[in-house]
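Undergrad: Take this structure first; my questions come after.
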Amino acid sequence: MTADRPDSGHNPQIAWRLPRQVAILGVISLLTAMSSAMVYGLLPVFLVKSLGATMASVGFIEGIAEAMMSLTRIFSGLASDWMGRRKPLVLLGYAVSAINKMMFPLAGAVSTVLAARVIDRIGKGLRDAPRDAFMTDVTPAKIRGSGFGLRLAFYTTGFVIGPLAAVGLMRLSNDDFRLVFWMAVIPAAMAIGVLIFLVKEEPSKQFVPRPLRLRRCDLALFASPFWWAIAIASLLSLARFSYAFLILKAHGIGIDAAYVPIMLILMHLIYAVAAYPFGVLADHIDRRLQLMLGALVLIGADFVLAASNEDWMVGIGAGLWGLQMAVTQGLLAASVADAAPVTLRGTAFGIYDLSAGFATFVANAAAGALWMIGGPPLVYGFSGSIAGIVILLLLLQRMPKAAASSA
């Protein structure tokens, strides 16, 4: 995990080659996503069916968990810039999530699940901003979209394998939720091993000691393209609530609990296949056009899911949902990376994650309430309306793209 930027020497032989560390981080993301998907693909149904939770409480749990993750991300981003090192916080975050996975099979009340979900998201918050800052450090500016797209492809592949494993275990165990939750601990532990033994870190040559706080002079270093990228990312997060509501939509039309994760498999399969190609595309075209495409696909997904009453329609909606994530997520991360000051990359991703997380908290809380008032059509109508606003705003401003001298 070397912190030197490979594009700093302007070597044409490496200018278009993704570093090995990106692939290793991708494998770690795959294993962790597999573990999480084995739990979260069943958790909403487990809450409602086994613990008697209401739809509003599911939305509240998802919202609180995402909000805590975002608050942790801003701290971890600042801390990684202060330390000049990324790996300790990344390792701590993965360890917290792995150990916490053992709380889910032991849960006997909704409050326990809430605590476990919050702790798990805190672990994710600890690792995400330093990891993305490191990705920016080691990836040449001209191919950052490709780098973030490749990591997302690995990550979403884990969300294909995990639900498949969950479905198989549920059928073999006669719908034993807790057994599946216990098995999910294994890939989480494997991810920690890969991180410890295969990821190496050297202090950055450009590290400058700084206080562990965000000062006004630091904020002044973030130019308007950065804040524009943050605004668009936040609005898209407001339009995209938790996958829990997709799971509950599938269960609500009569799909058996053991097969509900298939919808997550389909969504993440599309996401995994398309993430890297769209990451590469973001390095070569006007990013604004690609984001508009993503918002249009999101509107299409909302329309299908709002109207669906059969499993194949929910499947199409899930696939479109995964496609719009592939179109936009790598691009947004690359845009934030390109617009961030070199010495504040961890902080930049912390701000990005905090703003997106706050929007996700609002989206989840609103989705839970809207579901109880008007059901899925009202929830997905809200999402489509926000996506339409994003398209209008994108007509006004381009997304940031790396300058030739960017590091």
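Undergrad: In Å³ and rounded to a whole number, note down the convex hull volume per residue for the Cα atoms of segment 123-252.
TA: Measuring per residue, one finds 181 Å³ for the Cα hull of segment 123-252.
Undergrad: PRE reach from I99 (point 7 Å along Cα→Cβ): which of segment 115-143 fall under 15 Å by backbone N?
TA: 116, 119-124, 126-127
Undergrad: Apply the Karplus curve 6.51 cos²θ - 1.76 cosθ + 1.60, θ = phi - 60°, to the phi angles in segment 161-166 and return the couplings in whole Hz, x for Gly and Pro.
TA: With the stated coefficients, segment 161-166 comes to 5, x, x, 4, 5, 5 Hz.
Undergrad: Which one, G84, W321, A339, projects farthest toward the positive side of the charge dipole computed for the chain from Cβ point charges (K/R +1, D/E -1)?
TA: Final value for the positive-end residue is G84.
Undergrad: Compute the distance in nm between two label points, each set 7 Å from the Cα along the Cα-to-Cβ direction, one at Y259 and one at V273.
TA: Distance between label points: 2.1 nm.
Undergrad: Okay, helix-only estimate at 222 nm for the chain: each DSSP H run of n ≥ 4 adds -39500 (n - 2.57), divide by all residues, round to 500 deg cm²/dmol; what do you get?
TA: -25500 deg cm²/dmol
Undergrad: Counting only heavy atoms of the protein chains, get the accessible area per residue of the chain (1.4 Å probe) and round it to a whole Å² value.
TA: Dividing the accessible area of the chain by its residue count gives 37 Å².
Undergrad: What size of dipole, in debye to the nearest 20, comes out for the chain about its Cα centre when the only charges are +1 on Lys and Arg C-beta atoms and -1 on Asp and Glu C-beta atoms?
TA: 1000
Undergrad: Counting only protein heavy atoms, what percent of the accessible surface of the chain is carbon or sulfur at a 1.4 Å probe?
TA: 70
Undergrad: Need the full-extension length gain, R171 to I196, defined as separation in residues times 0.36 nm minus the C-alpha distance. One decimal, nm.
TA: That pair, R171 and I196, stretches by 5.5 nm at full extension.
Undergrad: Here's something else I'd like to know. Using mean Cβ contacts within 10 Å as the protection proxy, how do 129-139, 259-269 order, highest first?
TA: 129-139, 259-269
Undergrad: Once Lys and Arg get +1 and Asp and Glu get -1 on their Cβ, which of A307, L236, S50 lies farthest toward the positive end of the dipole of the chain?
TA: Towards the positive end, the residue furthest out is L236.
Undergrad: Just one of (i) 20.1, 60; (ii) 25.1, 91; (iii) 21.2, 68 is Rg and Dmax of the Cα atoms in Å calculated from these coordinates, so which is it?
TA: The calculated read-out lines up with (i).
Undergrad: Mind checking the full-extension length gain between I389 and L92? Use 0.36 nm per residue of separation minus the Cα-Cα distance, one decimal, nm.
TA: Using 0.36 nm per residue and subtracting the Cα-Cα distance, I get 103.1 nm.
Undergrad: Under a cut-off of 19 Å between alpha-carbon atoms, report the aspartates and glutamates in cross-link reach of K87, not counting same-chain residues fewer than 8 places apart.
TA: Counting by Cα, and skipping residues close in sequence, K87 has these aspartates and glutamates nearby: D4, D120, D128, D132, D137, E201, E202, D353.
The values are calculated or read from the model by the stated rules, or taken from the named source; none is laboratory data. If you're wondering where the values come from, they're calculated on a predicted model, not measured in any experiment. Every residue, glycine as well, gets a Cβ built from its backbone with ideal geometry; the counts of neighbours run over all protein chains shown. SASA here: full protein model, heavy atoms, side chains in, ligands and nucleic acids out. Shrake-Rupley method; radii C 1.70, N 1.55, O 1.52, S 1.80 Å.
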